[in-house]
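Notes follow the structure.
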Amino acid sequence: MRAAAVADFLQDLRAHGSADLNGVLAILNDGSLVRETLAHWIGNRWIIVAPNTPLQALAGPGFSRDLTLERFCGAGSPPGQTGRGQDEEEPPSDEDS
């Protein structure tokens, strides 16, 4: 049920550039899972919460129509990911100079 709800959410993002955030989070129905999921999606810049309607998500600047359900759900993400998109490189530190 959860995977189907997230798949529908992702499909709406692809088709319309927006999706019902409240609906998918209600299906997840677990506070810590909801926080982790939102942090993952927002941290990867795949979604932004609509400023005038917080129950609606908009496709973010990092969203791609090629985004797979597995990646959207976090498959392949290392534990404790910093929120950067998986394709983004970390900027060099001062020690690298």
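The values are calculated or read from the model by the stated rules, or taken from the named source; none is laboratory data. Because the structure is a prediction, the values reported are computed rather than measured. Positions of Cβ are backbone-derived with ideal geometry, glycine not excepted, and every protein chain shown enters the neighbour counts.
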_Enumerated strands (runs of 3 or more DSSP E) restricted to region 15-63, each holding at least 3 residues that are in contact (Cβ under 8 Å) with a residue 60 or more places away in the chain_ = none
*Which residue, of Thr53, Thr68, Thr82, is at pLDDT below 70 and of a type in the set (Ser, Thr, Tyr)?*
Thr82
*Scan region 1-60 residue by residue and report those that are closer than 22 Å to Ala75 by Cα and of a type in the set (Val, Ile, Thr).*
Val6, Val24, Ile27, Val34, Thr37, Ile42, Ile47, Ile48
*Search region 65-76 for residues being in contact (Cβ under 8 Å) with a residue 12 or more places away in the chain and under 12 Å from the mean Cα position of the chain (by Cα), and hand back the single one that is surrounded by the fewest Cβ atoms within 10 Å (Cβ to Cβ).*
Leu69
